[in-house]
Amino acid sequence: QQLKQKPSKNNDGLLLALRESHSILGLKNASKKSGVFLITGKSTREFEGLAAQTAPLTNRFKSKGWHIDGIALPDHNNDSIYFLDQITNRTGGELFKLTIPDGYEKLINQLIQKNSSTKNLKNIASNLLDPNESMTSAINIPPGTKETTVVVLRESSVGQIALGNPSGYLVSKTSAQNIILNSPHVLMWKLFEPDPGNWSFQLNGFEGHVSTWESSKNKYSMNLLANEILPQNQPIA
């Protein structure tokens, strides 16, 4: 009976967004394991019955092998979590609750794994800060690194961040060699062909939990010259 009811105006936007997402994936001939993110937080939307209303549409995602991942913002409520849990389970997606730092770390790792060969983020430093405290993180970048991603997860949306290269100079935010993604709780700094050595991140004016994370891709690889046991202290060629 719920499926036959006309969706309320409060839910028209959500249903339209899912339909358009399904159409875009179809036009792009998206492969299996492609998907979309559905984000929700504190809302006046009526979630009761919404999982049933969207079932025919989400089943079409599932039949194509496409998933819907849910992102619950920090101000989410129980009804929105229940709805996201229903549609992510139905389509084989994941539900990310954006808690600090665990929820953000899980989501960022998922995005990095899907979009590049970068390894998982490694925690560099974590701390609880007062507004008058500062925090410095050292990041060692080895020779041959072609791309480094640094992520700062912060409980407070205010504060200043400075990045220093191995020569001790501050890196300009407008440099062509880096890309910055800045949001209230996540700052992602991507460096291309960074100079090898010890880089530093300095954080000032933050309050609450702060952590820095790093992941790099190197253009060098290791090749074994022989698969048999080799004698020690003797030339191999």
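Among the candidates K6, K28, the residue that is loosely packed, with under 13 Cβ neighbours inside 10 Å, over 22 Å from N89 (Cα atoms), modelled with pLDDT of 75 or more and in the same structural domain as G93 (by TED's automatic domain parsing) is uniquely K28. Output yes when any residue across segment 196-203 is in the same structural domain as M135 (by TED's automatic domain parsing), closer than 14 Å to M135 by Cβ and modelled with pLDDT under 80, and no when none is. No, that holds for no residue.
Among residues belonging to segment 149-174 that are polar (S, T, N, Q) and closer than 19 Å to N198 by Cα, point out the one that is surrounded by the most Cβ atoms within 10 Å (Cβ to Cβ). Break it down stepwise before answering.
Our first condition is that a residue be polar (S, T, N, Q); within segment 149-174, this holds for 149, 156-157, 160, 165, 167, 172, 174.
Among the residues that remain, those that are also closer than 19 Å to N198 by Cα are: 149, 165, 167, 172.
Details: T149: 20, N165: 16, S167: 7, S172: 10.
Filtering first and then ranking leaves T149.
Answer yes if at least one residue in segment 74-96 is loosely packed, with under 15 Cβ neighbours inside 10 Å, over 30 Å from L153 (Cα atoms) and modelled with pLDDT of 90 or more, and no otherwise. No, the conditions are met nowhere in segment 74-96. Scan segment 204-225 and tell me whether some residue there is over 25 Å from L98 (Cα atoms), among the polar types (S, T, N, Q), modelled with pLDDT of 85 or more and part of a loop (DSSP other than H, G, I, E, B). Checked segment 204-225: no residue is over 25 Å from L98 (Cα atoms), among the polar types (S, T, N, Q), modelled with pLDDT of 85 or more and part of a loop (DSSP other than H, G, I, E, B). Evaluation of K146 against the conditions (1) closer than 17 Å to V186 by Cβ; (2) at pLDDT 75 or above; (3) surrounded by 12 or more Cβ atoms within 10 Å (Cβ to Cβ) shows that the sole unmet condition is (1).
The values are calculated or read from the model by the stated rules, or taken from the named source; none is laboratory data. Being a predicted model, the structure only gives us computed values, none of them experimental. Neighbour counts are summed over all protein chains in view; Cβ atoms, including those assigned to glycine, are modelled from backbone coordinates with ideal geometry.
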